[in-house]
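Student: Sharing a structure here in structure tokens format.
The values are calculated or read from the model by the stated rules, or taken from the named source; none is laboratory data. None of the values given here were measured: they were computed from a predicted structure. Note that each Cβ is placed from the backbone with ideal geometry, even for glycine, and that neighbours are counted across all protein chains shown.
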Amino acid sequence: MEGDCLSCMKYLMFIFNFFIFLGGSFLLGVGVWVLVDPMGFREIVAANPLLFTGVYVILAMGSMLFLLGFLGCCGAIRENKCLLLFFFMLILFIFLAELAAAILAFLFREHLTREYFTRELKRHYQGQNNTDVFTSTWNAIMTSFDCCGVSGPEDFEESLFRLLSPTKMVPEACCQRNGYRGDMEQCMSGTVAFRHNKGCYSAMVDYFETYIYTAGALAIVVLTIELFAMVFAMCLFRGIQ
């Protein structure tokens, strides 16, 4: 009876990790496909820094899932205690990292206020300086969400940006993309009609509000799967003679 249970657990773990392996392979394939530049697709993604960063996130996730699936499949089907132990340690590391991230997010949630982001924007945003990570990230956010500042264009008053560019009321990232340079100049000089007037804080909250419950449910499912994967791996490890 014990042998049948061990055999069943072995094949269940193999099937489970085979799907993880396939998922990791798919994500790796998509990431490599974009970076290899098929039919100019890379230029489309590179035009948006957030999307381009997402490609590397996909590659990292794909690599991790690929390795996990491979270790789980080989460890289960070959009943290799070393591979199963390595699989368990890797899953445990990921689980603890996710748990730590959740705890840190809870502890530092007060730093994610509108006032905090406004203060940081005034202190550090420089305009069109693409070598500064803070500035380029904000440019990407404002371009992607068609927004301006944290609460609105008035956030750039008495800011580092105005100190560096005293003739400009708002940065170029706040302007509507209609292709006319004259309209862009009017926008930066303060013409309301050619700029985005909605704040990025509201725009991002509206955007992510739709997905927050899905993300929370998905996080619980992922953590549960990881727990079961660790239990299966350890039971199989202990059952192998």
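Student: Give the range 163-184 a look and list any residue that's within 31 Å of the chain's Cα centre (by Cα), assigned to a helix (DSSP H, G or I) and charged (D, E, K, R), or say none.
Tutor: 172
Student: In this structure, does residue 198 turn out to be at pLDDT 85 or above, among the basic types (Lys, Arg) and surrounded by fewer than 18 Cβ atoms within 10 Å (Cβ to Cβ)?
Tutor: yes
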